[in-house]
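The values are calculated or read from the model by the stated rules, or taken from the named source; none is laboratory data. Not measured: the values here are computed from a predicted model. Cβ atoms come from the backbone with ideal geometry, glycine included; neighbour counts cover every protein chain shown. Only protein heavy atoms, including side chains, enter the accessible area calculation; ligands, DNA and RNA are left aside. Shrake-Rupley method; radii C 1.70, N 1.55, O 1.52, S 1.80 Å.
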Amino acid sequence: MEKVSTICPYCGCGCGLYLHVENGLITGVSPSAHHPVNHGSLCVKGWNCHEFVQHPDRLKYPLVRKDGILQKSSWEDALDLIASRLSGTKEKYGPDAIGILSSAKCTNEENFVMMKFARAVIGTNNIDHCARL
Amino acid sequence: MAGLASAFGSGAMTNSISEIADARVIFVVGSNTTEQHPMIAMHMLEAVDRGATLIVADPRKTQIAAFAHTHLRQRSGTDVALLNGIMNVIIGEGLVDINFVRRRTENFDEFEKVVKRCTPEVAEKITGVPASDIQRVARIYATEKRSMLFYSMGITQHVTGVDNVRSCANLVMLTAHIGQPMTGLNPLRGQNNVQGACDMGALPDVYSGYQKVADARARKKFESAWRRKLPSAPGMTMIDMFDSALEGKLKAMYIVGENPVMSDPDTSHVIEAIRKLDFLVVQDIFMSETAELADVILPAVTFAEKDGTFTNTERRVQKVRRAVRPMYGAMPDWKIISELSKKMGYDMGYRAAHEIMEEAALLTPVYGGILHHRLDAFGLQWPCPDADHPGTPFMHRKKFAKGLGTFNPIEFTPPDETTDMAYPFILTTGRLYFRYHTATMCRRTATLEREEPECFVEINPKDAGRIGLRSGNFVKAVSRRGEIVVKALVTDRTPEGIVFIPFHFREAAVNLITSPAVDPVAKIPEFKVCAINLVPVIPKPGERPKNRYNRKEDLKILNELYEEPEVPS
Ligand code: SF4
């Protein structure tokens, strides 16, 4: 079994924990003993924070709506479609007709990339996330 | 965190979690800490064990309130009056730290004029908290040196949310409980990386590190790094975006990892807005109510399948590490976005997450020394300006981020929606211990689903008696905007006249009835105050009001879309 040091994804406390990995699957969690926030404890959410990762409900491939129905698609096609639709909207109505919502569940790096995408690629400051809630 | 930024120039927890256990006074306003931030509550209770005084201000008898030495049960939406009352006593009894106020703050005189009018007796009339309690709390908080103040969504989710935060900032400056260990003003942020999303500039008016888009120098720096002309006018907040979509001006949206159909106030308004869009992309790990409306859905990965960093509520930037390879065909969000950018003619060229952080560090002064290889121990707390800086456990030591701290004179204004004969109850909404935001994640965690599977409304025994309601009965909650059916839970946790409904449940989405009013500055919806009526529901024989999460139904939809998952080896 391998133990991978990471951070609980459930609240702003940011407790340190280890994910137990066996044969490419996560089998359990244990707290970091000396972490300044959790000192070897976790709350019920932290102890179970791996359960949703391997859930069968996970989205598995891109879906594109065709004739009103969401259908399986390849990454290539889905990204091509998004690129052309966003570029089209930008040309026709200007960059400010596009809005981007980033996420307080994503990493810092991802939020940085999202804001760069909004500002440099789309050319709008219409970027926000749900922190207000 | 508009309120905090206007007072101190920076909106984050000023002090550290590890200081809590050594505090002498812990004053918690509008935070159900034991349920929302369990490990922070653990430190608070440790402090209590060591003899600290715990004061909680919350209309509900929350779990943390049960541990408090003094519990102030102010009426919902009257926090400003309560805090002004406390500050009135501090000024009146000469407990102000005059030295600190003179050297480090401005605008005290204007502020004093407003607070002078709010005597404890006036505050008692507005808040329902006895004047003697207000006096006692003022003395305890002001005379002890190591007093820490905490607040959370109970304070920010009001029309007066920004005022509430500024009032807290006033209190902290008045008593000089800032700039030293075991003091400070400490917002407890909900979702795990809210702090980081703000820090990284996922906001309409600032780049990373709160550098304003309107500031020409900051803009030029980003322009030359990114080799693109950048817009100078601040963009739209989330709520503005939905309004604009409704007007037909906003045409396309790209939503990552969020479910505004569930989390936003006034659900039907959001659905209508989204329907008006020409094009919607949703990128998430599970199907959500918002994704169901999308034109394209992209599968992203969870925290366990990617590298990166999260910033916790005490500004600690910590490393998340990839434990398993991406499940099924999903990709990390940063990779998806950079692939898309390439297709749109802009190559970001990132090969790994640490390269993104290197760029962020170059462009963001407070993150200047935050580099992945330095975070291996327990991360670093920003501000951390360069690669040798050890990080900052507590802020504003010698001066505030903006120079002088500003006192903001704040008058009490009543909540936006008031009760009347037709809607006699005040509804407040909130989180539960076993839940996380709109529950797309924890609904799929058996242990969490088992503990609190059903939505309910908490109601005081006296109110319940008046309308003939018992625990377990079904009741219809009706507001000026909509209605939902939930089970009643009769308890004195909730005071008379106020009812509480958690917001995590899809089948009884409380946001169908909440108020669309928002704070004019921070645009935080007023989730905490909304007038409703309660009508007991008598189910027909053999019929059961549908309020349990119907996972089968959900799975049916998904099974139509998917084959059996292959378990990755
Ligand atoms: S273990 Fe509990 S307290 Fe710690 S971060 Fe996770 S949810 Fe928050």
Take region B:330-365 and flag every residue that is open to solvent by 30 Å² or more (accessible area, probe 1.4 Å) and within 7 Å of chain A (Cβ to nearest Cβ). B:339, B:343, B:344
Unmet requirement for residue B:309, which otherwise passes all of (1) surrounded by 24 or more Cβ atoms within 10 Å (Cβ to Cβ); (2) of a type in the set (Val, Ile, Thr); (3) more than 9 Å from every other protein chain (Cβ to nearest Cβ): (3)
Is it true that some residue in region B:239-250 is in contact with a Gly (Cβ under 7 Å, 6 or more places away or on another chain), open to solvent by 10 Å² or more (accessible area, probe 1.4 Å), free of Cβ contacts under 8 Å to residues at least 40 places away in the same chain and not in a helix (DSSP H, G or I)? no
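Tell me whether region B:142-151 contains one or more residues that are within 14 Å of another protein chain (Cβ to nearest Cβ), within 22 Å of the chain's Cα centre (by Cα) and either over 27 Å from residue B:404 (Cβ atoms) or modelled with pLDDT of 85 or more (or both).
Going residue by residue through region B:142-151, those that are within 14 Å of another protein chain (Cβ to nearest Cβ) are B:150-151.
With the extra rule that they be within 22 Å of the chain's Cα centre (by Cα), the set shrinks to B:150-151.
Next cut, either over 27 Å from residue B:404 (Cβ atoms) or modelled with pLDDT of 85 or more (or both) only: B:150-151.
Checking region B:142-151: at least one residue is within 14 Å of another protein chain (Cβ to nearest Cβ), within 22 Å of the chain's Cα centre (by Cα) and either over 27 Å from residue B:404 (Cβ atoms) or modelled with pLDDT of 85 or more (or both).
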Is there a residue being in a strand (DSSP E or B) and polar (S, T, N, Q) anywhere in region B:161-171? no
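Looking at B:62, B:105, which one is farther than 30 Å from residue B:425 by Cα and either open to solvent by 10 Å² or more (accessible area, probe 1.4 Å) or touching a strand residue (DSSP E or B) at 6+ places or on another chain (Cβ under 8 Å) (or both)? Walk me through how you get there before you give the answer.
Values: B:62 fails: farther than 30 Å from residue B:425 by Cα.
So the residue among B:62, B:105 that is farther than 30 Å from residue B:425 by Cα and either open to solvent by 10 Å² or more (accessible area, probe 1.4 Å) or touching a strand residue (DSSP E or B) at 6+ places or on another chain (Cβ under 8 Å) (or both) is B:105.
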Subset of region A:49-71 [touching a strand residue (DSSP E or B) at 6+ places or on another chain (Cβ under 8 Å) and more than 7 Å from chain B (Cβ to nearest Cβ)]: A:49, A:71
In region A:1-34, residue most open to solvent (accessible area, probe 1.4 Å) [restricted to those that are among the hydroxyl-bearing types (Ser, Thr, Tyr), at the interface with chain B (Cβ under 7 Å from one of its Cβ atoms) and part of a strand (DSSP E or B)]: A:5
Among residues belonging to region A:35-48 that are over 22 Å from the mean Cα position of the chain (by Cα) and more than 7 Å from chain B (Cβ to nearest Cβ), point out the one that is farthest from residue B:393 (Cα to Cα). A:42
Determine if region B:387-400 includes at least one residue that is more than 27 Å from the chain's Cα centre (by Cα), more than 10 Å from chain A (Cβ to nearest Cβ), over 22 Å from residue A:37 (Cβ atoms) and of a type outside the set (D, E, K, R). yes
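Restricting attention to region A:73-91, and to residues there that are surrounded by fewer than 17 Cβ atoms within 10 Å (Cβ to Cβ) and at the interface with another protein chain (Cβ under 7 Å from one of its Cβ atoms), which single residue is farthest from residue A:126 (Cα to Cα)?
Of the residues in region A:73-91, the ones surrounded by fewer than 17 Cβ atoms within 10 Å (Cβ to Cβ) are A:74-77, A:80, A:84, A:87-88, A:91.
Filter again for at the interface with another protein chain (Cβ under 7 Å from one of its Cβ atoms), leaving A:80, A:87.
On the way: A:80: 22, A:87: 16 Å.
Residue satisfying both the conditions and the ranking: A:80.
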Considering (1) more than 7 Å from chain A (Cβ to nearest Cβ); (2) assigned to a loop (DSSP other than H, G, I, E, B); (3) among the small types (Gly, Ala, Ser), say which one residue B:201 fails and leave the rest. (1)
